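Beneath this line is the structure, given in C-alpha cells, with notes to follow.
The values are calculated or read from the model by the stated rules, or taken from the named source; none is laboratory data. From a predicted model like this one, the values you see are computed outputs, not experimental measurements. In this analysis, Cβ positions are derived from the backbone assuming ideal geometry, glycine residues included, and neighbour counts consider all displayed protein chains.
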Amino acid sequence: MRTFSQLGLVRGLLGQVLGTLLGMGLVTGTRAAFGYDPLWAAEPAWVIGGLLGTLGFMVGVGSLTDWAKWAIGLETPIHHGAPAGQSEWTRYFAVDLSHKVIGVQYTVWGIFVLLVGGFLATLFRVELLQPGMQYFTTDRYNTLISAHGIIMISAILLGVGGMINYLVPLMIGASDMAFPRLNAFGFWINVPASLMLITAMFVGGWDTGWTAYPPNSLRTALGGPLFFLGFYTIGISSIVGGLNLLVTVFTMRPASMTLFRMPIFVWAAVGTSVLQLLATQLVGLAMLMLIVERSLQMGFFTPVLNEAAIALNSPPGDPVLFQHLFWFYSHPAVYVFVLPGLGIISELLPVFARKPLFGYKWIALSSIGIAFLGFLVWAHHMFTSGMSNYLRLPFMYATLIIAVPTGVKFFSWLGTLWGGKLTYPTPMLFVLGAISVFLLGGLTGPPAATITTDLYLHDSYWVVGHFHQTFFGGFMFPFFAAMYYWFPKVTGRKYNEALGKLHFWLMLPGFWVMSLGQIWAGLLGMRRRIADYDPALGVQNIQVWITIAAFVIALSIFIGLYNFIVSARSAEVAESNPWRSRSPEWQIPSPIPEHSFALPLAVVGEPYDYGLPGSVYVRMVPAGAGD
Amino acid sequence: MKHFLPVTVLVVFATFLVAAGIDSLHLMPENASVQGETVDWLFGLHFKLIAFLFSLVIVIMVYAVVVFRRRAGDDGEGMHIHGSGTLEFIWTVVPAIIVVFFGYIGTTTLITVTAAQPDEVAIEAVSRQWAWNFNYPDDGFSSEELYLPVGQPIRFDLKAMDVLHAFWVPEFRVKADAVPGRTNVLRITPNRIGEYNLVCAELCGTRHSYMMAPVKVVSREAYSAWVAQKVAEEAAKNTPEARGAALYISQGCKGCHSLDGSKVVGPTWKGLYGAPQEHTDGTTAIADDEYLYNSIVNPNSQVVAGYPANVMPQNYGDLLTDDNINNIIAYIKTIK
C-alpha cells in the first residue's frame, strides 16, 4: 500500500484532481470577489481547472522536480534503475529517465488509449447497424465520433512515440535520448491530456468531430473547451518529442554512422520529428484561439457575432482562417502517423527476405520528400470551402506529387522482396498486410486529390475509408509488426506464433471488408459523421458488414494483447537475435541491460548487407580503438 | 527474366478482372447533371488507373511471396542486390508523368464544371441549423423545396446563417460549403427529371444527419407552372393589409400607436376603425376611411381628446403615396 501511494502515477492523478479543484475554486472565488451572479460558471471553471489540473499532474508525478531543483541550484544526477528500495515494475508507473522505460510507457499508454478509442467505435458501429436512432441521441452519437477521432489520433501519436523512443537510441548506439527529462515530460503530459479528453465526453460532450470547425465549435457543449485543451496538451508532447529526437539523431550517433548508414527507421523518425516540431504549433494556436473566442468573445473565426461580442465591439472574423491553421498541422500529422510505420516496413523486409533493402537512399530520401511535400498540401482538405480555382489547383498538384515518393517506397519494397528467401513469421505477415492496406489508401487518394472528383467525395464515407486505410496501413499493421518483432528484445521471451498468426488472419480480412465497405458507402452518396442515414441510399447492408468487420478487428486485437501479456509473463526465453538481424539492438542481450551498450558502437559495414558473407553492420569496440 | 512473362500476363489479367469488377458494381447513384458527366468521366479514368496499379503491386507481391519463399532445409541468404538506379529512376519519373497528367486533366475538368454559363439563373440557397431555404430572386419568392427546370444552368449562391453547412445532391455530383459571412457559388445544370435529396455535408450539430431538403427537377413547363403558382401564393400574401402592417413598422407608426389598446403617445389602433372619436375642440366624428386619411396627412386638424397636438409629424402626406396610406388604413381595419 505504501508503494502504491508512492507511485508517480498515483500522485500525478491526485495532483490533477487537486489542480482541477483549485482552478475551479479560483474562478469561483474571483467571481465572488467581483460580485458576479451566479458564482458557478461552468466553462471558465473547467478551462482553468483543466489547465491547473494538467500542471497538478505534472507536479504530482514529479516530472518538473528536477527542473525546479536546477532553478534553485541543486544537482540532479540521473538515477539508473528502480528507486532505492522499490521493485523494478514501479519504474513504469513513475517518472523514469531511461528511454527504454519511456518507450514502454508510451506504448502501453498508447494501447490503453487505443482500446478506449476502439471501444467508442464499436458503440457507434452498433448504432449504425440500422437506420433510425436505436441506442443514442444524435448529440451522444456526435460526441462518440468526435471523441473516437481525437482519442485515436492521440493513441497513434503515443504508439509512434513508443516506437521512436525505444528504438532510435538503440539503433544509433546512443546511451539515451539527448534530453531524458524532456523525454519523460513529453510522455507524462499525455496522461492528463488523455484524461481530459475522456472527461470531455462526460461533461456535455461536443459535436464538432476532431476538426473543431468554428462557428459550430464555438457553440458546442462544455465538452468542447476540454477537448481543445486536451488537443493542445497532446501537441506539447509532439513538439518536445520531435525536438528531442532530432537533437538525438544529429548529435549522438557514432562518428562512423554517416547519414546514409543509419537504419532506415531512423530516417523515418527524422521525417516525422521535423513535422512534429514545425507544424504542431499552428493547431495548438488554433485550439487556444477557440478557447479565447469562446470565453472572451474575441471574434477570430466568426462573422456572425453574438450579442456579447457585439457589445464588446469585437471585429468579425473568418471561419475559413481556422481551417488553414488547423490543416497546416493536421495534414502533416498524417505523415507523422505513417512515416514511422513505413519505416518499420522498410526495416523489417530485408530481415525476412534475407536481402539488402532495395534502393536504401531512395527510400530514405522519399521519407524526407514526403515530409517536405506534406507541408504544401493542407488546403486539399478545403477544396469545397469556396477558394477560387487559382488557389485550389496548386494544392491539387502538390497533393498528386506526393504519390511519387510514396510510389518509390512501394516499388522499392517489391524490389526487396524479389529474389529473397522469404519467411513468414507473424511480424512479416503484418508487414505484408500493411503494404496491401497502405496500397488501398494510396489508390483511394488520387480521386480525392483531383478537385473535380473530390467535389463528390469530399466529406463522404470515401474519405473515412481512405484515411482508415492510410492509418491502418501506415500505423496499425506496422505497429503490430513492430510489437511482435521486438517483443523478444523488450521482454526476453518468445510470443506465441500461432496466436500471432490468428491475430493477423482476423485483422487483415476484417480491415479489408471494413474499409472497402466505407469506400463503397461513400460512392453511394453516404455522408461522413451522420448519426442516422437514409435507407434509400442502399447502404444498410454495407453498414452491417462494416460493423461485423469492426468487431472482428476488435477481437483480433484482444487476441494480440492476450498473447503479449501471457507470453511476457511465462513464455519460453528468447535468444538474443532470433531474426538474425544486423541492427545494433539485436547484437546485445535480451532484455536489454540498463546500460544498453557495454562498449561504444562503431559502424563497419552497410546496415542491410544480408547475403554478403562475413560482413557485419556494427561492432562494439573499446573507446579509442577503431572508430 | 524467366519471371517477366508470367508476371506480365498475371498483371494484365488482374487489371481486366479488377476493372470489370469495379464496372459490375452499382457504385454511384445515377448522374443527373451536366457537370456530373465530367465528374463521372474522370472517375472512370481513376478507376482504370486504380485497377492497373492495384494489380501491379498485388500481383508482384503475391508472386514474390509464393515464388521466393524459403524452401524447407534452405538456410542461405537472398540475392545480394542493393538496388537499381535505372529502375528507381523509371518508377520515379513514370509516376511523376502520370500524376502531372492527372493534374492537367483535373485542371481542365475543374474549369469545365465551374464555368459560368451565359444564361444561368441564380437561386439563393440559405442554410441554417437545420434547414434549407431557397430564394428565387428573379421571381421574388422563396421555397422550402428546390424546384429546378431540366436543362437550365443554375448558379447557387450559398449562404449560411449560423455555422458551416455544405450543399450536396449526390446525383448532381458537385458540392460546396456554405460559410457564414461569405457567398460561395456552385454551378449545376440538372439534366435528368426526377426527385432527389439535398443533404448537408458538413457536420453542423445535433440534427446534422436530418438536414435535408427535397429537390425536384421538372420539365420547363412544369417549372413555369410551379413558378406561377408560387408567384400567385406570394401575391396572395401581398395584400393591402400585409403591406400596411409592414408600413406600420417601417414608417415608425409603431413608436406611438399600440395594437393592444394600451395608451402610448398617440391613440391605440385597436378597435379604432368605426369608433367615435372625441376631439380636443369638442367635435366628434366616426373614424372611417376619410377620417383616417385626414388624420395621417393632417393630424393637427383633429387631435383626439387626451392627446397632445404637434407630436405626430405633419409631412406624412408627402412621405407616403396615397396607395400606402390606403394600405395603412386597410391594416388599421384589421386591428379589432
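Points worth noting:
- Matching residues in the range A:244-291 - criterion: being within 13 Å of A:PRO169 (Cβ to Cβ) and among the β-branched types (Val, Ile, Thr): A:VAL247, A:THR248, A:VAL249, A:THR251, A:VAL266
- Among the residues listed as B:PHE16, B:PHE47, the single one being over 16 Å from A:LEU440 (Cα atoms) and either in a helix (DSSP H, G or I) or at pLDDT 95 or above (or both): B:PHE16
This table checks each residue for (1) outside any helix (DSSP H, G or I); (2) out of contact with any Leu (no Cβ under 6 Å at 6 or more places or on another chain); (3) free of Cβ contacts under 8 Å to residues at least 60 places away in the same chain.
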| position | (1), (2), (3) |
| --- | --- |
| A:TRP327 | no, yes, yes |
| A:VAL338 | no, yes, no |
| A:VAL351 | no, yes, no |
| A:LEU357 | yes, yes, no |
| A:LYS361 | no, yes, no |
| A:ALA364 | no, yes, no |
| A:ILE370 | no, yes, no |
| A:TYR390 | no, yes, yes |
| A:TYR397 | no, yes, yes |
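- Exactly one residue out of B:GLY194, B:GLY255 is of a type outside the set (D, E, K, R) and free of Cβ contacts under 8 Å to residues at least 12 places away in the same chain: that is B:GLY255.
- Taking the range A:198-216 as the range and being facing chain B (nearest Cβ under 9 Å) and under 23 Å from A:VAL464 (Cβ atoms) as the test, the residues that pass are A:ASP207, A:THR208, A:GLY209, A:THR211, A:TYR213, A:PRO214, A:ASN216.
- The set of residues in the range A:81-116 that are more than 28 Å from the chain's Cα centre (by Cα) and not small (Gly, Ala, Ser) comprises A:PRO83, A:GLN86.
- Per-region count, the range B:216-272, residues of a type in the set (A, V, I, L, M, F, W, C), buried (at least 16 other Cβ atoms within 10 Å of the Cβ) and either closer than 26 Å to B:ASP322 by Cβ or modelled with pLDDT under 85 (or both): 6
- Residues that are at pLDDT below 95 and either of a type outside the set (A, V, I, L, M) or within 23 Å of the chain's Cα centre (by Cα) (or both), drawn from the range A:544-576: A:ARG569, A:SER570, A:GLU572, A:GLU575, A:SER576
- The range B:159-197, residues that are more than 8 Å from chain A (Cβ to nearest Cβ), closer than 24 Å to A:SER217 by Cα and surrounded by 22 or more Cβ atoms within 10 Å (Cβ to Cβ): B:ALA160, B:HIS165, B:PHE167, B:ALA178
- Note on the range B:32-49: among residues that are more than 10 Å from chain A (Cβ to nearest Cβ) and under 14 Å from B:VAL150 (Cβ atoms), the one that is surrounded by the fewest Cβ atoms within 10 Å (Cβ to Cβ) is B:VAL34.
- Scanning the range A:259-287 for residues that are modelled with pLDDT of 95 or more and among the hydroxyl-bearing types (Ser, Thr, Tyr) turns up A:THR272, A:SER273.
Residues are listed down the side, and each one gets a yes or a no for (1) away from chain B (no Cβ under 14 Å); (2) crowded, with 24+ Cβ neighbours inside 10 Å; (3) in contact (Cβ under 8 Å) with a residue 12 or more places away in the chain; (4) out of contact with any Leu (no Cβ under 7 Å at 6 or more places or on another chain):
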{"site": "A:SER460", "(1), (2), (3), (4)": "no, yes, yes, yes"}
{"site": "A:TYR485", "(1), (2), (3), (4)": "yes, yes, yes, no"}
{"site": "A:ALA498", "(1), (2), (3), (4)": "yes, no, no, yes"}
{"site": "A:LEU516", "(1), (2), (3), (4)": "no, no, yes, yes"}
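Let's see how each residue does on (1) facing another protein chain (nearest Cβ under 10 Å); (2) among the hydrophobic types (A, V, I, L, M, F, W, C); (3) in contact with a Ser or Thr (Cβ under 9 Å, 6 or more places away or on another chain):
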site: A:LEU325; (1), (2), (3): no, yes, no
site: A:ALA333; (1), (2), (3): no, yes, yes
site: A:PHE337; (1), (2), (3): no, yes, yes
site: A:PRO340; (1), (2), (3): no, no, yes
site: A:LEU349; (1), (2), (3): no, yes, yes
site: A:LYS361; (1), (2), (3): yes, no, no
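- Some residue of the range B:108-122 being surrounded by fewer than 18 Cβ atoms within 10 Å (Cβ to Cβ), touching a residue at least 24 places away in the same chain (Cβ under 8 Å) and within 25 Å of A:SER146 (Cβ to Cβ): no
- Residues in the range B:113-137 that are among the charged types (D, E, K, R) and under 16 Å from the mean Cα position of the chain (by Cα): B:GLU120, B:GLU124, B:ARG128.
- Residues in the range B:271-293 that are assigned to a loop (DSSP other than H, G, I, E, B) and either closer than 15 Å to B:TYR307 by Cβ or β-branched (Val, Ile, Thr) (or both): 7 in all.
- All conditions but one from (1) among the small types (Gly, Ala, Ser); (2) free of Cβ contacts under 8 Å to residues at least 12 places away in the same chain; (3) assigned to a helix (DSSP H, G or I) apply to A:ALA45; the one that does not is (2).
- Residue in the range A:435-449 that is of a type in the set (Gly, Ala, Ser), surrounded by fewer than 24 Cβ atoms within 10 Å (Cβ to Cβ), more than 9 Å from chain B (Cβ to nearest Cβ) and more than 11 Å from B:HIS46 (Cβ to Cβ) present: yes
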